[in-house]
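The values are calculated or read from the model by the stated rules, or taken from the named source; none is laboratory data. Just so it is clear, the structure is predicted and the values come from calculations on it, not from any experiment. No Cβ is skipped: glycine too gets one built from the backbone with ideal geometry, and neighbour counts run over all protein chains shown. All accessible areas refer to the heavy atoms of the entire protein, side chains included, with ligands and DNA or RNA removed. Shrake-Rupley method; radii C 1.70, N 1.55, O 1.52, S 1.80 Å.
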Amino acid sequence: QAKSQGKNRYVVHTSELLDVMMDEYMLEIDLRRALEENEFVLHYQPQINNDTGKLVGFEALIRWQHPTLGLIPPGKFIKLAEENGLITQIGEWVIDEACSQNKKWHDAGMTPVKISVNLSTQQFLTGNLIPFMKDVLKRTAIDPAYVVVEITEYMAMEYNYSIQVLEQLKALGIGISIDDFGTGYSSFNYLKNFPIDYIKIDKSFVGELMNNEKDAVIVKAIITLAHNLHKEVIAEGVETKEQLNFLKNYKCDISQGYFFSKPLPAGEIEKIYLKQLRP
Ligand code: C2E
Ligand code: MG
Ligand code: MG
Ligand code: MG
């Protein structure tokens, strides 16, 4: 009796551990299948010009439509994909899909707006990003003036390599944005020398703007710095009217956040914006 109880406890304990390991393992197998079976989808979050109130762009954000687990957010699988190297293929799918979709919208008569895609570190540092970009631009026939890539401060750290890749993207006519600005390795040196068009203020600063004087000071400083370096500022994670008013007061150029809309599937975007955006 005691023995079987002990055995039971042991079994329960092991199976919990195994569950966690199996979850990760299955997720990795699933991730490979997801690429083949086209289970990834992009949701699009509107970006609004603070002066005019008009839509100026969308950020494309990946989700995984898992057959049994439902819609999985990027926070749950991007890191795993970075670890097992699948991120490059996933990232290429994202660029392709986002550019194709934006071109479709342009062709459907929407006033053209920009599409922003998030690049992964691997994609940026080791991938064949430039040839792939050239190929996508050609294949989709999207005007590169309506394509923006978002990189993080971390990717700017390989200084000589990064500047070279960014200059090549720039030469293709693509816009460049620094994402989550202020949360990583911030260096005035790259701000000065890299061909960056936009600085995105991280949502952690925007979220505390009205409650924390320090965040307010940081947001104001980022806007001033960016403008003096002739870059546009995008605030992410704008959730309230008060935050928006603050950002407008301090001349932040563009806002993105739940106050306007959460990221939506292409079909929803069309319902809301396609009519509104016909010239
Ligand atoms: P990010 O690029 O900084 O994207 C902004 C995140 O904030 C998105 O989360 C968005 O849904 C969320 N967000 C937008 N407005 C608000 C708001 O008002 N309040 C709050 N609390 N959150 C808001 P999401 O879609 O879960 O993406 C998380 C991160 O995953 C992204 O952060 C980005 O780093 C990464 N990611 C997303 N799509 C891709 C992709 O295609 N490739 C790569 N490499 N990374 C991606
Ligand atoms: Mg982003
Ligand atoms: Mg961001
Ligand atoms: Mg962020």
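Convex hull volume per residue, computed on the Cα atoms of the chain, equals 175 Å³.
With a Förster radius of 22 Å applied to the beta-carbon distance between GLU39 and GLU268, the computed FRET efficiency rounds to 0.70.
Using equal-weight Cα scatterers in the Debye expression, the normalised intensity of region 176-273 in log10 at q = 0.24, 0.25 Å⁻¹ is -1.24, -1.31. Its residues counted as N, region 102-164 yields a C-alpha radius of gyration over 2.2 N^0.38 Å of 1.28. The residues of the chain expose on average 52 square angstrom of accessible surface per residue, using a 1.4 Å probe on protein heavy atoms.
Of all DSSP beta bridges confined to the chain, the antiparallel ones make up roughly 40%. Applying the Kirkwood pairwise sum to the alpha-carbon positions of region 22-111 produces a hydrodynamic radius of 14.6 angstrom. Looking at region 196-245, the pairs of alpha carbons with a distance over 13 Å make up 54% of the total.
Too long at a 24 Å Cα-Cα cut-off: which of LYS114/LYS214; LYS138/LYS203; LYS76/LYS104; LYS170/LYS231; LYS104/LYS262; LYS170/LYS271? Check vs 24 Å cut-off fails for LYS114/LYS214; LYS138/LYS203; LYS76/LYS104; LYS170/LYS271. Local charge for VAL20 was computed over the other residues whose Cβ lies under 15 Å away, with Lys and Arg +1 and Asp and Glu -1, and equals -4. Gyration tensor analysis over the Cα atoms of region 130-205 returns equivalent ellipsoid semi-axes of 23, 14, 9 Å (largest first, whole Å). Distance between the 7 Å Cα→Cβ label points at TRP93 and VAL20: 2.8 nm. Dipole check for region 215-279: with +1 at the C-beta of Lys and Arg, -1 at the C-beta of Asp and Glu, and the Cα centre as origin, the magnitude is about 240 Debye.
Considering only alpha-carbon pairs that sit under 8 angstrom and 6 or more positions apart, the relative contact order computed for region 121-279 is 15 percent.
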